[in-house]
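Presented below is the structure to which this report refers.
Just so you know, all these numbers are worked out from the coordinates, no wet-lab data involved. Not measured: the values here are computed from a predicted model. Cβ atoms come from the backbone with ideal geometry, glycine included; neighbour counts cover every protein chain shown.
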Amino acid sequence: MKDDKRYKILLIEPSEIVATGISTIIDKSKGFRLVSTIPNLGYYKNSKSSFDIVVINPAVIDYNERFDIRSLFSNENSRTTIVALTYTSYDEDVLRQFDDCIGIYDSAERIRQKLQNAMKHSSENSNELYELSTRERDILIAVAKGSTNKEIADEYNISIYTVISHRRNISRKLGINTISGLTVYAIMNKLIDISSIK
């Protein structure tokens, strides 16, 4: 990390006590600057600011409304690093969408390391994640609709091994390994209508 570069951080945390503690740690960390602290996503939607890192308590996200966490913060011109701030355990498919995860019991030094690692991880993967090819999108839609590998292979006139390879790439790019998770992703990103599921 360059000495003159200070990454701008947005903290989304409903607990004032926790937010104050994390804010203090970030303020003492070289290379990072806490720009804003807000209690929920409603305040973020009205913000015109851009941030390098968003540290967010996953409990403030309505997973019924939107499953793709990254689409809340990144735009076509930049990829925001997103770090979860957790008190309890979460489903693996949820946490996989974050660049890193800070636990409430992590030390100040560990939090600094995780923020630095998240920035490194985010920049390394910025071109790879969430960029599905047209065929991968087709396969994702078929999987979400409940088609088997054989049915997908027959529909697209490809081998079952090619379907499996595409599915592996889709899971790696999206960080989602379950059919139910891929289905929710497809619904939330309007790739399929819920009525089209078998």
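One table, with the values for the structure above:
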item	result
Protection-proxy order for peptides 107-114, 134-141, each taking the mean of Cβ atoms within 10 Å per residue, highest first	134-141, 107-114
Over 24 Å between alpha carbons, listed pairs K114/K173; K114/K190; K120/K190	K114/K190; K120/K190
In nm, spacing of pseudo-spin labels at K150 and R135 (7 Å Cα→C-beta vector)	2.2
